[in-house]
Amino acid sequence: MNGFIRIIGGKWRGRKLAVLDNEGLRPTTDRVKETLFNWLMPIITDSSCLDCFSGSGSLAFEALSRGAKQAILIEKNKSAAMQLAKNKQLLQTSNCEITNADTLSWLKQTAYQQFDVVFIDPPFHQKLVPQTIILLEQNSWLKSDAYIYIETEKNGLHPNHIPPIWQLYREKISGQVHSYLFIREQI
């Protein structure tokens, strides 16, 4: 155990949750998180969220704190997934499902549900974003008007990776981190 994330808004505002010190795990900063949830404010209440590379759970727990009806957190690292389960128990929330799995393998299954909001914040420099985008679309994980948040290293996302039906809604560069929020066109 090496650090904490802080929930910055909603019913759990100010709560600190323990985070493991694992290589590649970099929780979204409070500043970036605040910007993101300002962008999501109109649609986060009662939304269903998928956190593809959950890590610390910072984005999913923030969404739940702000009124999301459900979050599924996928985390490959077993120790990190166990910490997510402890944080879920600490918050006494039942609308949160934690899955210890490889995100790309998990997304290969046919969707049993579609999501309003998807967080894609993988470890940097591993080229996981393009494959994740393909699987989300190919296997129908997204509602027709879903919001998709992507956090990458600077210059980590090429325009060719983005499906034509995803429209860039907002973006921000903060140091070496590039954040994007896309809205999927209703079809």
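The values are calculated or read from the model by the stated rules, or taken from the named source; none is laboratory data. Only a predicted model underlies this, so the values are computations on that prediction, with no experimental measurement involved. Cβ coordinates were reconstructed from backbone atoms using ideal geometry, including for glycine residues, and neighbour counts include every protein chain displayed. Calculation scope for accessible area: heavy atoms of the full protein, side chains included, ligands and nucleic acids excluded. Shrake-Rupley method; radii C 1.70, N 1.55, O 1.52, S 1.80 Å.
Of the residues that sit in region 81-134 and are among the aromatic types (Phe, Trp, Tyr) and closer than 13 Å to Ile150 by Cβ, which one is nearest to the chain's Cα centre (by Cα)? It comes out as Phe119. Scanning region 68-80 for residues that are open to solvent by less than 30 Å² (accessible area, probe 1.4 Å) and either more than 14 Å from the chain's Cα centre (by Cα) or among the charged types (D, E, K, R) (or both) yields Glu75, Ala80.
Give Leu157, Leu142 a once-over and let me know the one that is open to solvent by less than 30 Å² (accessible area, probe 1.4 Å) and more than 20 Å from Lys172 (Cα to Cα).
Working: Leu157 fails: more than 20 Å from Lys172 (Cα to Cα).
Just a single option satisfies the conditions, and that option is Leu142.
Every residue, every condition in (1) part of a strand (DSSP E or B); (2) touching a residue at least 60 places away in the same chain (Cβ under 8 Å); (3) over 15 Å from Cys52 (Cα atoms), yes or no:
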residue	(1), (2), (3)
Thr99	yes, no, no
Leu104	no, no, no
Val118	yes, yes, no
Pro122	no, yes, no
His125	no, no, yes
Ser144	yes, no, yes
Glu151	yes, yes, no
Arg170	yes, yes, yes
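Taken together, Ser65, Ser48 contain a single residue that is modelled with pLDDT of 95 or more, over 18 Å from Pro27 (Cβ atoms) and open to solvent by less than 50 Å² (accessible area, probe 1.4 Å), which is Ser48.
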